[in-house]
Amino acid sequence: MQTYTEKIRQAAKRLLSEKRVDAVIGFRKGTVVFMNEPYLAKLPEQADQLVWDGNCGINLANYLPNMTGNIAIAAKGCDSRSIVIHLLENQIKREQLYILGIPCHGMIDKRRIQARLNGSEVLEAVDTGPNVRISGRDFEQTLERADFLQENCAICTHKNPVIYDELLGEPVEEQQIDRYEDIRRIESMLPEEKRLYFEDLIKPCIRCYACRNACPACYCPTCFVDESKPQWVGKTIDPTDTFTFHFLRAFHLAGRCTDCGSCERACPVGIKVRLFTKKLEKEVKELYGYEAGVLQDRQPPLDTYRPEDPEPFLG
Amino acid sequence: MSDIYIAKSNFRGVIERLMGRYRVCAPVKNGSSHDFAPIEDPSEADLGFRNSRLSPKGIFHPQAECMFDYNLAGEDPQAGILTEARKDFSPQVVLGIRPCDAKAFRLDDANFDTDSLKDPWWVRRREATTLIGLACDDPCSTCFCISMGGGPYDTAGLDVLLLDTGEGYAAQVLTERGKNTLEATSGWSSVPSAISALTLEKKAAAEQRIGQAFDPAILVQKDMIELFKSPIWEEVQFACINCGACTFLCPTCWCFDIQDEVCADKGERLRLWDSCMFPLFTLHGSGHNPRSQKVQRVRQRFMHKLKYYQDKYNSGPACVGCGRCVQACPVNIDIRQVGRLMASPGCSCPA
């Protein structure tokens with residue numbers, strides 16, 4: 001993973017000095033453990049601040065809509081698919097972008113690691129590739145990286161960028177895996193059981209909208225929760241309003257969500273919001289055989305109409 | 001009342017007796033974190049916590065609060081009259097609150113409890129509440145209370161401060177209210193003599209661990225317009241996604257919105273937490289928005305916390321260094337780093 005840092009810095013320096021791009025979107029090292037900060041490098045000297053490791057879970061495509069000028073962007077598999085969605089939905093032009101594709105080994109889930117430690121604070125973490133070496137005030141441990149990936153990374157089937165101008169590493173092997181085991185388990189619950197399950201899931205929500213704002217596919221100038229003439233959704237933490245927000249956002253993402261996991265990463269109270277979006281992802285896959293952003297010339301099914309769209313309700 | 005002591009083995013009894021007279025809010029374990037909540041049994045209180053995920057400001061300033069209700073039903077004699085919503089101001093105790101959060105309430109008082117304007121619910125809740133604090137011996141790496149004028153053993157805003165001595169708690173009684181509350185319980189004894197040396201040691205150790213983040217006093221000297229126009233904001237703002245995580249978790253953020261929820265001929269007027277990070281925050285009825293750009297909103301937040309509040313009230317920044325925003329920000333915007341940049345814009349090194 002160290003090598004990605006070097007490669008990104010070299011590419012950024014080159015692109016900025018040649019003025020091929022006006023800015024490079026990447027990450028710089030964070031001030032707290034397990035975090036990096038999205039960073040816009042505009043000068044060649046600033047390229048040296050760029051880093052890439054297992055703490056780059058936020059989807060940088062989030063920053064693209066409505067950007068002007070030429071921009072280079074570091075993009076792992078899921079990010080690149082989000083870029084395709086942006087291109088299909090005219091949020092940015094292909095000519096503006098120089099995509100630095102990053103075959104991804106998965107991102108670390110800091111909450112999973114913290115949970116394992118029963119209260120001790122991790123002060124430093126070194127991502128060595130197969131392992132993560134963590135240390136605190138009075139402990140040191142080496143963890144198997146694969147056991148502490150973000151949940152979306154553990155079941156990822158598109159680790160390699162689907163679109164890029166330059167690939168910064170060797171493609172990684174994609175896995176065959178059942179992505180919807182947890183969704184099917186919820187689907188098989190009885191209605192009352194399901195209702196209690198979701199009520200419990202959504203209970204901590206404080207309607208901060210970190211999930212929505214971290215999501216590259218949520219770029220509406222006025223989100224439906226902010227409409228006021230008329231007002232569609234209440235702004236209290238009443239469960240009905242909170243459900244409305246989460247369910248409706250998931251529907252708006254149907255066929256557009258690339259399961260980058262930024263929403264879950266961003267949530268300050270640790271809600272597993274991907275349980276909503278993955279359900280819709282499964283529905284779209286089954287109905288339309290479509291995966292968001294994989295093919296550059298196929299629009300998300302709910303953005304468009306095709307005569308062969310399934311219509312089971314017509315009998 | 002001089003300092004007193006309770007063995008941990010007797011502490012359950014203290015909580016029980018408190019619960020006999022007060023509603024007791026304490027840190028309750030919630031998955032892998034804690035939140036302050038009213039407890040039904042002493043065993044729910046977990047004073048082994050670091051700090052709560054959400055600040056306890058919801059105890060005085062709930063996220064969604066009904067202010068008034070009304071109905072327009074023709075025959076009802078109360079029709080068309082705004083009736084104040086029923087509130088519960090019964091005496092309560094917040095047990096285990098950290099010095100940073102207690103100090104934050106003092107900072108919030110500058111907004112809710114002034115000579116000219118008093119928020120009736122905030123004021124009455126504050127009057128009905130005893131804050132029994134717990135000194136910090138295990139601060140997080142994100143804590144920076146000392147730089148903000150506080151400290152792990154700071155007593156500002158507290159009625160009682162508990163010091164964990166291992167086997168028990170030594171209680172510093174700080175106010176008349178604190179004295180009355182503790183007198184309502186029993187089981188306390190006098191402080192064993194070895195304790196004071198031990199607590200001084202632990203206090204020094206905690207303070208050393210927290211260290212210094214930046215000096216907010218430097219910002220008082222700086223010209224406001226110069227800070228406002230500083231080129232640092234263009235860089236600071238990039239990562240921000242304008243969610244409300246920092247503002248909702250912050251104990252010194254108080255901004256609210258007021259709106260009505262109406263159904264047919266019945267309605268409620270609500271006060272709701274709002275966030276300067278949200279684009280709607282400054283949207284005028286005319287459609288004009290003076291802070292329509294992200295950079296303006298990001299700048300506003302830090303200027304308010306670290307500059308405007310200092311200039312206006314002359315009592316330090318509107319930040320207690322609890323570090324919740326640092327932990328919660330999805331993109332690692334770090335107020336300590338922003339403070340450093342504001343104090344000396346030439347420095348662009350991270351952390």
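Brief remarks on what is shown
- Restricting A:THR68, A:THR5 to those that are closer than 22 Å to B:LYS294 by Cα and either hydroxyl-bearing (Ser, Thr, Tyr) or within 21 Å of the chain's Cα centre (by Cα) (or both) reduces the list to A:THR68.
- Each residue in segment B:166-214 was checked for being in a loop (DSSP other than H, G, I, E, B), modelled with pLDDT under 90 and crowded, with 17+ Cβ neighbours inside 10 Å, and 3 of them qualify.
- Annotation note: of A:ARG207, A:ARG212, the sole residue that is outside any helix (DSSP H, G or I), buried (at least 18 other Cβ atoms within 10 Å of the Cβ) and basic (Lys, Arg) is A:ARG207.
- In the set B:CYS263, B:CYS276, only one residue is closer than 25 Å to A:GLY270 by Cα and outside the structural domain of B:ARG98 (by TED's automatic domain parsing); that residue is B:CYS276.
- Selection status of A:GLY69, at pLDDT 95 or above, surrounded by fewer than 20 Cβ atoms within 10 Å (Cβ to Cβ) and out of contact with any Phe, Trp or Tyr (no Cβ under 6 Å at 6 or more places or on another chain): yes
- Cross-chain or 6+ apart pairs with Cβ under 9 Å, segment B:209-234 first and of a type in the set (S, T, N, Q), then at pLDDT 95 or above: B:GLN212/B:PHE144; B:GLN212/B:ILE146; B:GLN212/B:SER147; B:SER230/B:ARG299; B:SER230/B:LEU341; B:SER230/B:MET342
- For B:SER292, the test of being more than 18 Å from the chain's Cα centre (by Cα), under 25 Å from B:VAL236 (Cα atoms), of a type in the set (Gly, Ala, Ser) and within 14 Å of chain A (Cβ to nearest Cβ) is passed.
- Residue count for segment B:52-90 under the criterion of being surrounded by 12 or more Cβ atoms within 10 Å (Cβ to Cβ) and hydroxyl-bearing (Ser, Thr, Tyr): the result is 3.
- In segment A:237-263, residue nearest to the other protein chains (Cβ to nearest Cβ) [restricted to those that are touching a Gly at 6+ places or on another chain (Cβ under 9 Å) and small (Gly, Ala, Ser)]: A:SER262
- Hey, B:ALA79 hydrophobic (A, V, I, L, M, F, W, C) and modelled with pLDDT of 95 or more or not: no
- There is at least one residue in segment B:278-287 that is within 9 Å of chain A (Cβ to nearest Cβ) and crowded, with 20+ Cβ neighbours inside 10 Å.
- Selection count, segment B:246-275, where residues are within 9 Å of chain A (Cβ to nearest Cβ), out of contact with any Asp or Glu (no Cβ under 6 Å at 6 or more places or on another chain) and at pLDDT below 95: 1
The rows are residues; the columns are (1) buried (at least 24 other Cβ atoms within 10 Å of the Cβ); (2) within 10 Å of another protein chain (Cβ to nearest Cβ).
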{"position": "A:ARG14", "(1), (2)": "no, no"}
{"position": "A:ASP22", "(1), (2)": "no, no"}
{"position": "A:ILE25", "(1), (2)": "yes, yes"}
{"position": "A:ASP48", "(1), (2)": "no, no"}
{"position": "A:TRP52", "(1), (2)": "yes, no"}
{"position": "A:ILE99", "(1), (2)": "no, no"}
{"position": "A:ALA115", "(1), (2)": "no, yes"}
{"position": "A:ASN118", "(1), (2)": "no, yes"}
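- When B:ALA206, B:ALA194 are screened for being in contact with a Phe, Trp or Tyr (Cβ under 9 Å, 6 or more places away or on another chain), among the hydrophobic types (A, V, I, L, M, F, W, C) and assigned by TED's automatic domain parsing to the domain that holds B:PRO139, only B:ALA206 passes.
- Listed by position, the helices (runs of 4 or more DSSP H) enclosed by segment A:225-299 that each have at least 2 residues that are of a type outside the set (D, E, K, R), closer than 13 Å to A:ILE202 by Cα and over 19 Å from the mean Cα position of the chain (by Cα) are A:239-252.
The values are calculated or read from the model by the stated rules, or taken from the named source; none is laboratory data. Here the structure is a predicted model, which means the values were calculated and not measured. Counting neighbours? That spans all protein chains shown, and the Cβs are built from the backbone with ideal geometry, glycine included.
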